[in-house]
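Each remark here refers to the structure printed beneath this line.
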Amino acid sequence: MAIMITDECINCGACEPECPNTAIYEGGLEWTWGGGTELKEVKLEDGSVVDADEPQEPVSDEFYYIVTGKCTECTGFHEEPQCAAVCPVDCCVDDPDHPESEEALLEKKQYLHAE
């Protein structure tokens, strides 16, 4: 299951540098698939292919946010999601809309960081 940041976020930014996948971004800022990964291009669910360095629309304009497609819950890196471990207000929680098995999270890690 991916992690999400709730609207209780105080925008402290403690979570962002902890993410090994660079899946966390400040509200209002664009993100890329390539940032913090080895990806060169990404095939989207609709079948289209985008350059991994192409800027994507922010998920939130108000709060820090996590890009679900890049979140592995730190699987393969740490024992627990680091964003949740450092969050002072406990707003980094499991995203019930994106359940994933440990196997799926490990596959995602391999995909993001394949060399």
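Any read-out appearing in this document is the output of simple, stated calculations on the displayed coordinates, not a laboratory observation. Remember, it's a predicted structure, so these values are computed and weren't measured experimentally. Ideal geometry is used to build each Cβ from the backbone, glycine not excepted, and the neighbour counts take in all protein chains shown.
In straight Cα distance, which aspartates and glutamates are under 13 Å from K108, not counting same-chain residues fewer than 8 positions off? Straight-line reach from K108, under 13 Å: E38, E73, E100. When +1 charges are put on Lys and Arg Cβ atoms and -1 charges on Asp and Glu Cβ atoms, the dipole computed for the chain relative to its Cα centre reaches about 280 debye.
Run the numbers on region 3-113 and let me know its relative contact order in percent, using alpha-carbon pairs under 8 Å that are six or more apart.
Contact order relative to length: 36 percent.
Based on every Cα atom in the chain, Rg and the maximum pairwise Cα distance Dmax equal 13.4, 39 Å. Taking the charge dipole of region 3-113 about its Cα centre, with +1 at Lys and Arg Cβ atoms and -1 at Asp and Glu Cβ atoms, the residue from F77, I5, V89 reaching farthest to the positive side is F77. In this structure, the amide hydrogen of E73, modeled 1.01 Å from its nitrogen in the peptide plane, lies closer than 5 angstrom to those of I3, counting only residues at least 5 positions away or on a different chain.
With the simple spin-label model, which puts each label point 7 Å out from Cα in the Cβ direction, the V49 to L106 separation comes to 2.9 nm.
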